[in-house]
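Where a number appears in this text, it was derived from the coordinates with a stated rule and is not lab data. Bear in mind that the values here come from a model prediction, so they are computed numbers and not experimental data. Every residue, glycine among them, receives a Cβ derived from its backbone with ideal geometry; neighbour counts consider all protein chains shown.
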Amino acid sequence: MRQFASSGAACRARPPWPGRLSLARSLPPLKHSRRPGARALAMGTDSAGPPRAATPPRAGRRRLLLGGVAGVAAGMMGATWWPEDGWSNPCLAGLPPDLARHELLQAAWSGVDASRVWDMHCHIAGTGDGDSGIAVHPDLFSHAHPLQFAQRLFYMDGACAAAPGNSVDTAYVARLRHLLDEFPAGARAVLLAFERFHDTAGRALPERSTFFVPNEHVRRVAQAHPQRFAWAASIHPYREDCAEAVAAAAARGALLVKWLPAAQGMDPAAPACDAFYAAMVRADLPLLVHCGEERAVHGGGTQDYGNPLRLRRALEHGVRVIVAHCASLGSDRDLDQGGVERPSFELFARLMQDARHEGQLFGDISAVTQINRCAQVFPRLLQQSDWHHRLLNGSDYPLPGILPLFSLRRLQGMGLLPDTALPVLSRLRAHNALLFDFVLKRTLAQGGQRFPASVFETARVLARPARPEAQT
Ligand SMILES: [Zn+2]
């Protein structure tokens, strides 16, 4: 496999950037500053309905601001790379017929049972300007924190939710529904709630929480559109009532529970998690855990908690565990060998190779195609066919809509993507970031090896026996 020294995404022990976590730090540092033919942004997004064919003045200013903030952030970090499709998502409306019928899309759906395609890693976000109960840390609105400020702009831009005059919370969901309606019938997204940071006494600490997306909001959104959405709870194991919360989430139709230990402050290896684990086993819910370095959400100073090896406690308790992104970013201490730093992915791979975890440990392939990921990971996942029945697709939406996070040219240069696919995928992304993510991952191949349909048919793992939903 050809290596990409300029990608900045080799499996090094530590990232080259100083400072705290931020989405902006996810922008890859490359060697030269060149702005290849920036595309005109001809269309904008209306917040509460389908996108419309004009860029509102405020949306135009937002894009300028986004570019400016990104430029400043990149400059602060010494980054001199310019994304091939620009900084801002054009948020175009429905797929043009020629694109919808394109043979690349036909091939992507060939042999796939769309009714079992459940995107199992899809974030719900917003700013809390609706009745969602979403909370965002004030730093993300503060010019005194330019990287966090840029992070919020990128999220909302990627989700086409930064529209003027309407609730961002509502616009976020409206755009997501629009994107899913362009999928074949039956395809769904599992919407993720996001728990607050908690201290070891089980108290929520808003001042250390970047985001809070309540379970109840996500459940309501999913319940309102069950043909397209399912939902996942986020429950802190240090909560005194965590066992009851897990049981209630399961009764209300949650398909899994999501943790982000580096931002939420739970240590998966702590005995304090045992009651939670027991409840997860009783409810037969899988636990989706972010492992490896976390850059998208500011941490609670607990980055080590994302070490894949710390999940052994959950596995020993019999919990089914899904490692988000296959731990494809950053490094962790090798707890088996004196704490030496190793790529987090290597530690994830060690767990996967342990025969005791067969049928119990899975990896989600969301975000593994991003430019900031270790270049060796995606080809390894493709070639490791004995893992494929344990890999599950998710998009990590809205990240596929954040243009600087992807480089199709890099994937083409690695021999994973044919030249002819680039313009099609680039067009597709401008219209539908979720479909872009699906078609991209179905198209990527090395030596004729692609991910089988089963990686995308995640219902085989996530589907729960039909049961009447508890009244609320
Ligand atoms: Zn995520």
Taking θ = phi - 60°, what integer Hz values does the Karplus form 6.51 cos²θ - 1.76 cosθ + 1.60 yield along the stretch 173-189, in sequence order, with x for Gly and Pro?
5, 4, 5, 4, 4, 4, 5, 6, 5, 8, 8, x, 4, x, 5, 9, 10
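With a/c under 1.5 counting as rounded, go ahead and sort the stretch 366-467 into rounded, prolate or oblate using the C-alpha gyration tensor (a ≥ b ≥ c being the square roots of the eigenvalues; past the cut-off, prolate if a/b is larger than b/c, else oblate).
Working: a/c = 1.92, a/b = 1.31, b/c = 1.47.
Oblate is the answer for the stretch 366-467, as a/c is 1.5 or above yet b/c matches or exceeds a/b.
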List the residues whose amide H sits under 5 Å from the amide H of residue 371, counting only those 5 or more places along or on another chain, with H placed 1.01 Å from N in the peptide plane.
406, 407
Tell me, what ³J(HN,Hα) does each residue in the stretch 252-264 have, in order and in whole Hz, if you take phi through Karplus 6.51 cos²θ - 1.76 cosθ + 1.60 with θ = phi - 60° and put x for Gly and Pro?
9, x, 4, 9, 6, 10, 10, 10, 10, x, 5, 9, 9
Please report, in whole Å, how far the alpha carbons of the stretch 304-398 spread along each principal axis, starting with the longest.
30, 29, 26
Most to least packed among 353-362, 302-311, 442-451, 175-184 [average Cβ atoms within 10 Å]:
302-311, 175-184, 442-451, 353-362
Provide the per-residue ³J(HN,Hα) series for the stretch 364-369, in order, calculated from phi with Karplus coefficients 6.51, -1.76, 1.60 and θ = phi - 60°, each as a whole number of Hz, with x at glycine and proline positions.
9, 9, 5, 6, 5, 8
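Where both residues lie in the stretch 279-385, what percent of DSSP beta bridges are antiparallel, nearest 5?
Rounded to the nearest five, the antiparallel share is 30 percent.
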Check which residues have an amide H placed less than 5 Å from residue 259's amide H, if you skip close sequence neighbours.
288, 289, 290
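Provide the net charge surrounding residue 353, with neighbours chosen by a C-beta distance below 12 Å and charges set as Lys +1, Arg +1, Asp -1, Glu -1.
Details: positive: 350, 356, 390; negative: 346, 354, 358, 386.
With Lys, Arg at +1 and Asp, Glu at -1, the neighbours total -1.
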For residue 363, list long-range residues whose amide hydrogen, built 1.01 Å from N in the peptide plane, is under 5 Å from its own amide hydrogen.
323, 391, 392
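When you count, for each residue, the other Cβ atoms within 10 Å and take the mean per peptide, how do 112-122, 238-248 rank with the highest first?
Details: 112-122: 21.5, 238-248: 18.2.
Final packing ranking: 112-122, 238-248.
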